Amino acid sequence: MLYYKIYFQVAKGSKFKYVCHSRIDNVNNFSSDWEIQKLEHLTIKIIDGNYGSDYPSPQEMLNEGIPFLTSTVIGKDQKINLSKLKYISQEKHRLLAKAHLKENDVLFTNRGANVGNVALVSECLNDANIGPQLTLLRVNSKLSPHFLYYFMQSNNFKLQLKRFDSGSAMNFFGISTTKSLSIHVPPLLEQNKISSILNSVDEVIEYTQKQIDKLQYLKKATMNELLTKGIGHKDFKKSALGRIPKSWEVLNFSKIIHSSNQGVNTTTEKVTYSSAGIRACRSNNIEENSFDWSDKKFVNQSTFDRLNDKFKPKLKDVLYCNIGSNLGSSAVVETTDDLIITWNVLRLTTENSKVSPYFFSHSLNSSRKELRDFATESTMPFISTKALSKFKFRIPPLDEQKKISEVIDGINNNLAILKIRIYQIQSLKKSLMQDLLTGRVRVKVK
């Protein structure tokens, strides 16, 4: 028999504490004491939200009152986002008596883009109300609501949903379909142990996400301070961009950039992506001051050889996303590896005697909101170099640019560490769910 331990460490000041310490035995899938049952046999209520003539109109939604949940409040993290709640009056709540919530009800998104997302109702939403895009599941004494909540996130359950998927943009899971979905049910004590382990992982994920959120807020405030007031200045002057330190100047985009060019148009140049070869840098690969290669595309060597003179970025070029949903993000190239930029990426080479590429990239990222005003709205928002040439930037001396960049880069490095950590924990959760919710491994229950 194989045993292993799971540890989760959560920073608390300079100390660490264990959040979970569980022992797991390795066994075959689906032990004989697990039952397969349909949801209708494990619940005392499966019902969708309110609709029809009594459904609240936009004018009946309030800033406070009884929480009214729609599918938009349940995100990919399988949590209820309280900031997206709408509210209705007590009178409307009494009229919509069909689906009043109780703590530990499980909510299932039954239609639309978020179909399949689930959430567990917390105490603060006791006696709230829901719309028809959500299905309420209230379990009986044979099933832990927390176990159901996690099982409905599992690959097994998602495969069942896929079998019922109509393929339409507004796929809908009605009550009868939901009742027919099945779940593998271990003994109740084991359900609770499994839920406890997965909940411990969720607590670590939530804690780490809060650290990321705090650091991102600090980064935003720090960048705003450093990129407008600099470091330790007492003397300021008026400028086209308001008060700036006396030693600073205001420069147009065209005075900062030595050269620029748009990435390759894959249609006109007849570029076909391949599964391996030379990496193609697209807009979704560019984040603020970093690159995300989780979604990779490649071109073959012959395509690269044909196009690299114009579309291969050089070391310390700034790559700027000027087209599409990731509009305004930029990062500095820090490798000499072969790379090719695509049509929604703008390559920028700075006048290094005046502006550091790192400082300029920070300035571009800090100005994303303002630069969007220069965008041409179409099927995809687009900021042309002509539009960019009108934009002005606050530019300190080079030595101060370096100091400012070092401070911001320090925060970015800490953010990168936390993002790697949360990715690792999320990967661990997926692995645990696959093992524990299929019975592939069993928890030791006293």
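The values are calculated or read from the model by the stated rules, or taken from the named source; none is laboratory data. Note that this is a predicted model, so its numbers are computed, not measured. With ideal geometry, Cβ positions are generated from the backbone for all residues, glycine too; neighbour counts draw on all protein chains shown. Areas reflect the complete protein model, heavy atoms only, side chains present, ligands, DNA and RNA absent. Shrake-Rupley method; radii C 1.70, N 1.55, O 1.52, S 1.80 Å.
So here's what we get for this one:
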{"quantity": "Value of relative contact order over the range 218-347, rounded to a whole percent, pairs C-alpha under 8 Å and six or more apart", "calculated": "26 percent"}
{"quantity": "For the chain: relative contact order, % (alpha-carbon pairs under 8 angstrom, 6 or more apart)", "calculated": "17 percent"}
{"quantity": "Debye, to nearest 20: dipole size of the range 374-446, +1 on Lys, Arg Cβ, -1 on Asp, Glu Cβ", "calculated": "540 debye"}
{"quantity": "Cβ-placed point charges (K, R +1; D, E -1), dipole of the range 329-417 about Cα centre in debye, nearest 20", "calculated": "440 debye"}
{"quantity": "Helix-only [θ]222 nm of the chain, DSSP H runs n ≥ 4, -39500 (n - 2.57) each, per residue, nearest 500", "calculated": "-10000 deg cm²/dmol"}
{"quantity": "Check: the chain dipole with +1 on Lys, Arg Cβ and -1 on Asp, Glu Cβ, in debye", "calculated": "620 debye"}
{"quantity": "Among 223, 280, 250 the positive-end extreme of the charge dipole of the range 213-315 (Cβ point charges)", "calculated": "250"}
{"quantity": "Choice from 333, 115, 271 showing the highest fluctuation, given a GNM over the chain with Cα pairs closer than 10 Å", "calculated": "271"}
{"quantity": "Eligible lysines near residue 316 by straight Cα distance, threshold 19 Å, same-chain separation 8 or greater", "calculated": "255, 354, 402, 403"}
{"quantity": "Accessible surface, the range 185-337, averaged per residue in Å² (probe 1.4 Å)", "calculated": "53 Å²"}
{"quantity": "Taking the convex hull of Cα positions in the range 42-190, its mean projected area over all directions (nm²)", "calculated": "9.1 nm²"}
{"quantity": "For the range 270-277, 3J(HN,Hα) per residue [Karplus equation, 6.51 cos²θ - 1.76 cosθ + 1.60, θ = phi - 60°, Hz, x = Gly/Pro]", "calculated": "6, 8, 10, 6, 10, 7, 7, x"}
{"quantity": "Binned Cα-Cα distances of the chain, short to long, each 20 Å bin given as a whole percent", "calculated": "20, 41, 34, 5"}
{"quantity": "Integer Hz, Karplus 6.51/-1.76/1.60 couplings in order for the range 257-267, x for Gly and Pro", "calculated": "9, 7, 7, 7, 7, 6, x, 5, 7, 5, 6"}
{"quantity": "Whether the range 155-218 is rounded, prolate or oblate, judged on the alpha carbon gyration tensor where a/c under 1.5 counts as rounded", "calculated": "oblate"}
{"quantity": "Positive dipole terminus of the range 122-182, leading residue within 177, 130, 150 (C-beta point charges)", "calculated": "177"}
{"quantity": "Out-of-range pairs (alpha-carbon distance over 30 Å; input 238/369; 219/246; 214/312; 38/76; 84/142; 86/430)", "calculated": "214/312; 84/142; 86/430"}
{"quantity": "Most mobile of 338, 295, 48 in a GNM of the chain (Cα contacts under 10 Å)", "calculated": "295"}
{"quantity": "Cα gyration tensor shape for the range 66-147, rounded if a/c is under 1.5, else prolate or oblate", "calculated": "oblate"}
{"quantity": "Shape of the range 304-446, Cα gyration tensor, a/c cut at 1.5", "calculated": "prolate"}
